[in-house]
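A short write-up of the structure that comes next.
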Amino acid sequence: MKKVYPIFISQDNEDFLVYVPDMDIYTEGKDMADAIEMARDAIGLQGIAIEDTNGTIPDASDYETAVGKAKANTDIYDYTKGILTMVDIDFSEYRRKVDNKAVRRNVTLPNWLNVEAEKAQLNVSKLLQEALMAKLNINKY
């Protein structure tokens, strides 16, 4: 699921401060490119957290709504003095990229097949992962 979110980037001395109004996220980067990448990363992590709690990832605001949200949140810093740009994120791809924790599954094989796999020194877990990705037509990255 790919979405595009408005973000505000404002330079404060040497830092590039970032605000993502649709998810109420704050981050920063060392330069403009890093700020955009940090925004994408923060949005992706927030999206995973929302999905993992069975929530709904918010839709992106239009420019006018994003500016309104930023103006309503100027008590600490006024991000509307920076630039408003857009950042895309593919939540499915992002999850594949960062959610690599191992999950234990029990698999039942005929004994003869297990013996042959051991003789061939096959990593059955890796082979199963590759077969599942091929069957589901999914690339790891």
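The values are calculated or read from the model by the stated rules, or taken from the named source; none is laboratory data. These numbers come from a predicted model, not from an experiment. All Cβ positions, glycine included, derive from the backbone under ideal geometry; neighbour counts span all protein chains shown. The area values use the complete protein model at the heavy-atom level, side chains included, leaving out ligands, DNA and RNA. Shrake-Rupley method; radii C 1.70, N 1.55, O 1.52, S 1.80 Å.
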For a quick check of your reading: which helices (runs of 4 or more DSSP H) sit entirely within the stretch 40-141 and have at least 2 residues that are surrounded by 12 or more Cβ atoms within 10 Å (Cβ to Cβ) and aromatic (Phe, Trp, Tyr)? 91-98
Considering only residues of the stretch 24-39 that are of a type in the set (A, V, I, L, M, F, W, C) and closer than 10 Å to Ile9 by Cα, which is most open to solvent (accessible area, probe 1.4 Å)? Met32
Taking Val18, is it within 15 Å of the chain's Cα centre (by Cα) and of a type in the set (A, V, I, L, M, F, W, C)? no
